[in-house]
1. Looking at region 39-64 only, could you name the residues that are among the charged types (D, E, K, R) and farther than 22 Å from A93 by Cα?
2. Being closer than 24 Å to H172 by Cα, of a type in the set (K, R) and touching a helix residue (DSSP H, G or I) at 6+ places or on another chain (Cβ under 9 Å) is the filter here, so list the residues in region 89-144 that pass it.
3. In region 155-167, which residues are out of contact with any strand residue (DSSP E or B) (no Cβ under 7 Å at 6 or more places or on another chain) and either part of a loop (DSSP other than H, G, I, E, B) or exposed (fewer than 15 other Cβ atoms within 10 Å of the Cβ) (or both)?
Amino acid sequence: MSDTETLYEGKWLRLMRRGRWEYAERTNPGGGVMIIAVTPEDRLLFVEQYRPALQAMTIEMPAGLVGDVADNAGENAVEAADRELLEETGYAARRIAFLMAGPTSSGMSNEILAFVRAYDLERTACGGGDETEDIVVHEVPRSEAAAWLVEKIRAGYSIDPKMFAGLYLLEHGEALFGPG
């Protein structure tokens, strides 16, 4: 195996080369978390925001980095999900269950993304993200979520394919992984 060379080191990412292979490493040890959250009215929560890397507006499920805040450096995916859900959407969950985790792009990054399911939501704050974010929260009827995402694709939004994985896990996650 070839020696590994660091090409660039930033706050959250490190660009590496091993032989001919270039890849990004997440510098936060916890990876990321994506939150599948449904309101008591059976509406799925999505967030809309501009993503500089894509230079486009995106529709995503609430998500964030695990352990990216100094006070929470040792948190796990469920704890990060609790924090991010409230920050981005204004909803608090009475229970959050871990479903699964895996690589986001195994050919390009070591980032691991955990999927969690948030239960028994209650609106307790405004949401919209922190001072660096400008997030719009969408509450979409669960039965219309897939069609709504397709409409957003047609309208020019960037939609991560993991949104459809999240919809699948919403319907089948507990059968596959247990109730959490």
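The values are calculated or read from the model by the stated rules, or taken from the named source; none is laboratory data. All figures in this text were calculated on a predicted structure; none of them were measured in a lab. Here the Cβ positions follow ideal geometry from the backbone for every residue, glycine too, while neighbour counts run over all protein chains shown.
1. First, the residues of region 39-64 that are among the charged types (D, E, K, R): 41-43, 48, 51, 60.
Correct list: R51 only.
2. R117, R142, listed by residue number.
3. A155, G156, P161, F164
Let's see how each residue does on (1) crowded, with 19+ Cβ neighbours inside 10 Å; (2) modelled with pLDDT of 95 or more; (3) not small (G, A, S):
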| site | (1), (2), (3) |
| --- | --- |
| G64 | yes, no, no |
| V69 | no, no, yes |
| N72 | no, no, yes |
| N76 | no, no, yes |
| T89 | yes, yes, yes |
| A93 | yes, yes, no |
| P103 | no, no, yes |
| G107 | no, no, no |
